[in-house]
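The values are calculated or read from the model by the stated rules, or taken from the named source; none is laboratory data. Everything numeric here is computed off the predicted structure, so don't read it as measured data. All Cβ positions, glycine included, derive from the backbone under ideal geometry; neighbour counts span all protein chains shown.
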Amino acid sequence: MKDYIIEKDEYVLKQYPDETIYVRDLQLQILEIMDELDRVFRKNKIPYALHAGSALGAYNYHGFIPWDDDIDILVAKKDYFKVIKALKKDLNKKKFDFQCFETDKKFNILIPNMKIRKKDTYLEEVNVLLKNRCSGSNGVFIDLSWYGSVSENKWVDEFYRTIVKLCMPFIILLDNLHLNPLFLKKFVYWLANTYEKRNQKSSLVSQTIAIPWEKFLKEPIFKKEDIFPFQDCEFEGRTFMTYHHPEKVLHKWYGENCTKKWDGKKWVETYPKEKRIPKHVRNINLKSGNKRK
């Protein structure tokens, strides 16, 4: 008996006059990045975890959720600068590159801490307010965030997050006017790192508070013991890594019905069929690094 859901539907990502791009086409490109990251991380003994919807895919499907058009990963805050050093040293620069605030001050501080991209492809995200301003590739990518300690006092935690939220509209406005708001970026960067360092003894962890989006809709705070240490999992016939207690994390994030259910004959997906659509891609070209018209 299989211990995961089998989904046979094909999902269209983008329809162009001369080409139909399916979600699976993009997933295979993303897997190339993920294989390279797994190689570099394991070589440098850096634990990482499939994160959010990618962790849910590993749990339910032993791979991508069939309509999911991205991969998210996380590392512990203490390992984040090791990641930068490892990628500078060991990443295959002919095929991939990476972008983060530490290496390019045009990077938007309000998004996941790093994007690792595949060269000679193009991907524009749906959220046009957070465009890539960095030099170099606009290719297909994987998002990487760091997870670190947060206060056990929810009011203290909300206070720090509110400061970031107050900075957010000014950063977005100036960035879209092509006026790099470097002072505000540096302030949010400093605040997020200082807050994490002050709460090292806490039993709770979260992704950096510099990313304010999740908090508007969800509660992205978890017990440290449920996130760390990471464990191996199966993903698309490979061995990647995920949370220490994935079911607990996923149930808190997405609700009790998010994980696979046995109907007596097979594992079934509980997510409504009408909502099974890709949601991140505005424009894509898997054959070159150019924007499609």
Of the residues in the stretch 1-30, those that are without any contact (Cβ under 8 Å) to a residue 60 or more places away in the chain, part of a loop (DSSP other than H, G, I, E, B) and either among the aliphatic types (A, V, I, L, M) or over 23 Å from ALA55 (Cβ atoms) (or both) number 4
Within the stretch 146-173, restricting to residues that are closer than 18 Å to ASN193 by Cβ and touching a strand residue (DSSP E or B) at 6+ places or on another chain (Cβ under 8 Å), the one that is surrounded by the fewest Cβ atoms within 10 Å (Cβ to Cβ) is SER151
task = Kindly check whether there is at least one residue in the stretch 54-61 that is farther than 18 Å from CYS233 by Cβ and either in contact with an Asp or Glu (Cβ under 7 Å, 6 or more places away or on another chain) or in contact (Cβ under 8 Å) with a residue 60 or more places away in the chain (or both).
result = no
Here, strands (runs of 3 or more DSSP E) confined to the stretch 210-268 with at least 2 residues that are at pLDDT 95 or above, within 19 Å of the chain's Cα centre (by Cα) and hydrophobic (A, V, I, L, M, F, W, C) are 231-235, 238-242
In the stretch 156-206, anything in contact (Cβ under 8 Å) with a residue 12 or more places away in the chain, in contact with a helix residue (DSSP H, G or I) (Cβ under 7 Å, 6 or more places away or on another chain) and either in a loop (DSSP other than H, G, I, E, B) or of a type outside the set (A, V, I, L, M, F, W, C) (or both) is listed as TYR160, ARG161, ASN176, LYS185, TYR195, GLU196, SER203
Output for Cβ contacts, cut-off 6 Å, separation at least six or different chains, first residue at positive phi and part of a loop (DSSP other than H, G, I, E, B) in the stretch 97-126, second modelled with pLDDT under 95 and of a type outside the set (Asp, Glu), reads ASP120/GLY289
Expected output for the stretch 127-155 (first residue more than 27 Å from ALA55 (Cβ to Cβ) and in contact (Cβ under 8 Å) with a residue 40 or more places away in the chain, partner surrounded by fewer than 18 Cβ atoms within 10 Å (Cβ to Cβ) and basic (Lys, Arg), Cβ below 9 Å, 6+ apart or cross-chain) is VAL128/ARG282; ARG133/LYS106
Restricted to the stretch 85-106 and to residues being surrounded by fewer than 21 Cβ atoms within 10 Å (Cβ to Cβ) and not charged (D, E, K, R), the residue nearest to LEU177 (Cα to Cα) is PHE101
